[in-house]
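The values are calculated or read from the model by the stated rules, or taken from the named source; none is laboratory data. Computed from a predicted model, the values in this text were never measured in an experiment. No Cβ is skipped: glycine too gets one built from the backbone with ideal geometry, and neighbour counts run over all protein chains shown. Ligands, DNA and RNA are excluded from the accessible area calculation, which covers all protein heavy atoms including side chains. Shrake-Rupley method; radii C 1.70, N 1.55, O 1.52, S 1.80 Å.
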Amino acid sequence: MDKLLGAVSKFGAGEGLFVSWGGFKSNAQKELAESFFWVRLWTQKDLLEQLFAHYDHLDEDWKAELPLKRMWTVAVQE
């Protein structure tokens, strides 16, 4: 988290995105509160939700790098 904040500051980036496939420790969540406007923490679920939500709007080059196909299944009613 410290390295990401340092890179955001050093390169004058507007925001930094930290993606963790395994989740975050509680101290990362505490640091996020102090750096809310500069850093976002995404889990695996967050990343996939955003990818699926915006995939149709990606450039064709990106889609070629990450080819996905929409698939329909029957949903079980709860």
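Side notes on the structure shown:
- Counting only protein heavy atoms and using a 1.4 Å probe, the accessible area of VAL74 comes to about 140 Å².
- Taking 0.36 nm per residue of sequence separation and removing the Cα-Cα distance, the TRP42/GLU65 pair yields an extension gain of 6.1 nm.
- Taking only protein heavy atoms and a 1.4 Å probe, the accessible area of the chain is 57% carbon and sulfur.
- The charge dipole of the chain, taken about its Cα centre with unit charges on the Cβ of Lys, Arg, Asp and Glu (plus for the first two, minus for the last two), comes to roughly 260 debye.
- Label positions at LEU51 and LYS10, each projected 7 Å from the Cα along the C-beta direction, are separated by 2.8 nm.
- Taking a ≥ b ≥ c as the square roots of the Cα gyration tensor eigenvalues, the chain comes out oblate, since a/c reaches at least 1.5 and a/b does not exceed b/c.
- Within the same chain, aspartates and glutamates fewer than 8 places from LYS63 are excluded, and of the rest, those with a Cα less than 20 Å from its Cα are ASP46, GLU49.
- C-alpha long axis of helix 44-54 to longest principal axis of the chain, angle in °: 60
- Reach of LYS10 by Cα under 13 Å, taken over aspartates and glutamates that are not fewer than 8 positions away in the same chain: ASP2
- Highest to lowest packing among 27-33, 57-63, scored as the average C-beta count within 10 Å: 27-33, 57-63
- Accessible surface of PHE11 - all protein chains present, 1.4 Å probe, nearest 10 Å²: 150
- Of the residues ALA7, LEU51, LEU66, the one whose Cα sits farthest towards the positive end of the charge dipole of the chain is ALA7 (charges of +1 on Lys and Arg Cβ, -1 on Asp and Glu Cβ, taken about the Cα centre).
- The residues of the chain expose on average 90 square angstrom of accessible surface per residue, using a 1.4 Å probe on protein heavy atoms.
- Order of exposure, largest accessible area first, which applies to LEU48, LEU41 with probe 1.4 Å: LEU48, LEU41
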